[in-house]
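Asker: Here it is, the structure, as structure tokens.
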Amino acid sequence: MVLTRLAAEGIGTIPLSNGWDDHGKYVAHVTPADGFSAIIGPFHKVMAAPGDPVCPRDILSPAIDAGIPIILVAPFDVQEKARALLGKREVKLIMPEDLWDEMKQLLGL
């Protein structure tokens with residue numbers, strides 16, 4: 001619903017793929033030329049399939065290197081585990097119910 005709210009505010013959104021689902025631009029191929037204001041999505045989208053050697057660092061590094069804010073959504077009770085899997089990456093974890101307010105603040109809405 002957050003993407004729908006952003007679209008209603010006139011802010012463009014595009015789907016991003018985790019490389020396995022082919023539902024948009026592969027997030028590991030994001031560049032500054034894409035002009036993204038932020039990358040948002042559920043935490044599970046940056047986790048590899050079982051047996052795949054790719055880790056969140058591999059998927060998120062291009063966006064982090066480009067200075068694009070990354071906000072991943074995870075329930076409070078799994079955020080500690082999610083943070084351990086992400087390492088000390090420059091990624092913000094938030095609860096689902098806080099996502100819209102976070103996006104409003106980030107985008108100045």
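Asker: Is it the case that the range 51-63 has a residue that's among the acidic types (Asp, Glu), modelled with pLDDT of 85 or more, part of a helix (DSSP H, G or I) and over 15 Å from residue 13 (Cβ atoms)?
Answerer: no
Asker: Here are some conditions: (1) part of a helix (DSSP H, G or I); (2) at pLDDT below 90; (3) surrounded by fewer than 16 Cβ atoms within 10 Å (Cβ to Cβ). Residue 21 meets all but one. Which one does it not meet?
Answerer: Residue 21 satisfies every listed condition except (1).
Asker: Given the conditions (1) farther than 21 Å from residue 21 by Cα; (2) at pLDDT below 90; (3) basic (Lys, Arg), and given that residue 81 satisfies all but one, which numbered condition is not satisfied?
Answerer: All conditions pass for residue 81, except number (2).
Asker: Considering the range 41-54 alone, what residues qualify as being exposed (fewer than 15 other Cβ atoms within 10 Å of the Cβ) and of a type outside the set (Asp, Glu)?
Answerer: Scanning the range 41-54 gives 42, 44, 49, 50, 51, 53.
Asker: Please go through the range 25-40 and give me each residue that is of a type outside the set (A, V, I, L, M, F, W, C) and not in a strand (DSSP E or B), ordered by number.
Answerer: Of everything in the range 25-40, those that are of a type outside the set (A, V, I, L, M, F, W, C) and not in a strand (DSSP E or B) turn out to be 29, 31, 32, 34, 35, 37.
Asker: For the range 68-109, how many residues are in contact with a strand residue (DSSP E or B) (Cβ under 7 Å, 6 or more places away or on another chain) and on the phi > 0 side of the Ramachandran plot?
Answerer: Here the count works out to 0.
Asker: Give the number of residues within the range 63-88 that are under 14 Å from residue 43 (Cα atoms) and either crowded, with 16+ Cβ neighbours inside 10 Å or free of Cβ contacts under 8 Å to residues at least 24 places away in the same chain (or both).
Answerer: Within the range 63-88, residues that are under 14 Å from residue 43 (Cα atoms) and either crowded, with 16+ Cβ neighbours inside 10 Å or free of Cβ contacts under 8 Å to residues at least 24 places away in the same chain (or both) number 15.
Asker: Residue 74 - would you say it is touching a helix residue (DSSP H, G or I) at 6+ places or on another chain (Cβ under 6 Å) and at pLDDT 80 or above?
Answerer: yes
The values are calculated or read from the model by the stated rules, or taken from the named source; none is laboratory data. All values reported here derive from a predicted model rather than from experimental measurement. Please note: Cβ atoms are built from the backbone with ideal geometry, for glycine as well, and neighbour counts cover all protein chains shown.
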